[in-house]
Amino acid sequence: MASKETLECMAELYQGEILGEMFFEALLGVEDNPLARRVLLALIQAEAETKVRLRPAMERLGVPIATAPGTRASVEAALARYKGAAWSEIAAGSLAAVRDHYGPRYKEIARIAQADGDPVAIEAANHMLAHEMSLEEMLGLHIAGDPDPTRPVDALLRYPMPTLMPVAAT
Ligand SMILES: [Fe+2]
């Protein structure tokens, strides 16, 4: 059986996906640039699919799948921080958040789950790590100017968004 610490880590992973989906969904509503929108769609789809993928594991572990009140508050705080910001600033901030916070934290959670030994938690944590690394790779490619940066994220999805249509020459 998973320890209390592992269960708290699982709840953190799960709520993080809810937060990400709501955050990027709100940004999609105010972003016009086609490539930025395609990156946001990949982010939304990745967070949504990962959330759904985690649900059976949460149920097996006894972790609630409802959105926690604190998650909604965190989304509002994150959106307030980026209010009026240019997409380039949001993309850079998102990459920094993944690289400096979520990535290292999820590595730590994978280590905690592994040491604890519950196979359901280990599988969930390892998948989350792969998911997070794909986000880091996509955002890095996007910021470096890659015209098709969503490949690493799309590759992990069961239902990837349509490929960006080439802009017609004028
Ligand atoms: Fe995520």
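Conditions tested, residue by residue: (1) under 14 Å from Ile18 (Cα atoms); (2) in contact with a helix residue (DSSP H, G or I) (Cβ under 7 Å, 6 or more places away or on another chain).
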| position | (1), (2) |
| --- | --- |
| Thr50 | yes, yes |
| Thr67 | yes, yes |
| Glu76 | yes, no |
| Trp87 | no, yes |
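In the range 145-158, the residues that are assigned to a helix (DSSP H, G or I) reach residues that are of a type in the set (S, T, N, Q) and exposed (fewer than 15 other Cβ atoms within 10 Å of the Cβ) with C-beta atoms within less than 9 angstrom, at least six apart or across chains, in these pairs: Asp154/Thr163. Among the residues of the range 8-62, write down those that are of a type in the set (Val, Ile, Thr) and either within 14 Å of the ligand (Cβ to nearest atom) or under 19 Å from Pro152 (Cβ atoms) (or both). Within the range 8-62, Ile18, Val39, Ile44, Thr50, Val52 meet the criteria.
Give the range 95-108 a look and list any residue that's over 15 Å from Leu129 (Cβ atoms) and either in contact (Cβ under 8 Å) with a residue 24 or more places away in the chain or surrounded by 15 or more Cβ atoms within 10 Å (Cβ to Cβ) (or both), or say none. Passing the criteria: Leu95, Ala97. Going by what's in this entry, would Asp146 be described as loosely packed, with under 15 Cβ neighbours inside 10 Å and under 16 Å from the mean Cα position of the chain (by Cα)? Considered against the rule, which asks whether it is loosely packed, with under 15 Cβ neighbours inside 10 Å and under 16 Å from the mean Cα position of the chain (by Cα), Asp146 comes out as no. For the range 16-57, filtering for residues that are polar (S, T, N, Q) and touching a residue at least 60 places away in the same chain (Cβ under 8 Å) leaves 2. Taking the condition crowded, with 20+ Cβ neighbours inside 10 Å, over 20 Å from Met133 (Cβ atoms) and among the aliphatic types (A, V, I, L, M), does Ala86 pass? Considered against the rule, which asks whether it is crowded, with 20+ Cβ neighbours inside 10 Å, over 20 Å from Met133 (Cβ atoms) and among the aliphatic types (A, V, I, L, M), Ala86 comes out as no. In the set Ala73, Ala80, Ala92, only one residue is surrounded by 14 or more Cβ atoms within 10 Å (Cβ to Cβ) and either outside any loop (DSSP other than H, G, I, E, B) or away from the ligand (no atom under 16 Å from the Cβ) (or both); that residue is Ala92. Within the range 106-126, the only residue that satisfies the criterion of being over 12 Å from Cys9 (Cβ atoms) and in contact with a Leu (Cβ under 8 Å, 6 or more places away or on another chain) is Val120. Residues in the range 59-70 that are loosely packed, with under 11 Cβ neighbours inside 10 Å and among the small types (Gly, Ala, Ser): Gly62, Ala66, Gly70.
Every read-out reported here was derived from the displayed coordinates using simple, explicitly stated rules and does not represent laboratory data. All figures in this text were calculated on a predicted structure; none of them were measured in a lab. With ideal geometry, Cβ positions are generated from the backbone for all residues, glycine too; neighbour counts draw on all protein chains shown.
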